[in-house]
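Here is the structure we will look at, set down as structure tokens.
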Amino acid sequence: MNIPLRKALGDMPLVAILRGLAAESALAVGQALIDAGFRVIEVPLNSPRPLDSIAILAQAFGARALVGAGTVLRVDDVARVKNAGGQLIVMPHGDTTIIRAAKELGLICVPGVATPTEGFAALGAGADGLKLFPAEAMPPAVVRAWRAVFPAETLLMPVGGITPERMADYLAAGANGFGLGSALFVPSAPPAVVRERAQAFVAALGRR
């Protein structure tokens, strides 16, 4: 059974985006993130052997964290992610066919959106939350404006260029969580560095 996205974000409102993760490093990197308190881990499908990494992470941490795929661009990839043990589908865009495919298979889906039109269409297709992407083009004022018109229960998650220092203003505007990319993980970073960066994000939230 999937861990509810709202519960995972309530425990820790940070999503680790492990673009470029090598399957051989998946277990150690995943452990570093879990130890820091992360409860959502995403392996983009344009990483090397992403389904192998998802399978490793899901087997090791699936009872404690939502593990899934990012950069899902094709409908047929949804079933592949599920077969690997993934519970989560994240996209850079708002393709409603992918959203519906994910929901039909019982997966959590967070599509990328950049306009209210895209956001409402994604929710209408069954999206569990909205990835506000790229966040560099969507400052806290945009989140505040969206929060005024979207249903109160809508999960809004800025992604792109998020650093520990940028989170407070977004949270004050109504963000529910963040997707963290290169400020958290790059393929050349050893697990100890990933752990240190993860702890810095957690500390910026006032959590230890």
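Read-outs throughout are calculated quantities, based only on the coordinates presented, and are distinct from any laboratory measurement. Owing to the predicted nature of the structure, the values given are computational and were not obtained by experimental measurement. Neighbour counts run over all protein chains shown; Cβ positions are idealised from the backbone, glycine included.
Worth pointing out:
- About its Cα centre, the dipole of the chain is roughly 300 debye, where the only charges are +1 on Lys and Arg Cβ and -1 on Asp and Glu Cβ.
- Hydrodynamic radius of segment 62-178 per Kirkwood, over alpha carbon pairs, in Å: 14.3
- Inter-centroid distance (Cα atoms) of segment 155-208 relative to segment 7-62, Å: 14
- Signed unit charges on C-beta, dipole axis of the chain, positive-most listed residue 60, 112, 123: 60
- For segment 1-85, the calculated P(r), taken from all Cα-Cα distances in 5 Å bins from zero up to the bin holding the longest distance, is 3, 17, 29, 26, 18, 7, 1 percent.
- Peptide ranges 53-66, 134-147 listed from the most packed, as the mean C-beta count within 10 angstrom indicates: 53-66, 134-147
- Take every Cα pair under 8 Å whose residues are at least 6 apart in sequence, average their separation, divide by the length of the chain, and the relative contact order is 21 percent.
- Under 5 Å, built H, 5+ apart or other chain: amide partners of residue 15: 178, 179, 180
- From phi via Karplus (6.51, -1.76, 1.60), per-residue ³J(HN,Hα) for segment 40-49 in Hz, x at Gly/Pro: 9, 10, 10, 10, x, 6, 8, 8, x, 6
- Taking a ≥ b ≥ c as the square roots of the eigenvalues of the Cα gyration tensor, segment 87-131 is prolate, since a/c reaches 1.5 or more and a/b is larger than b/c.
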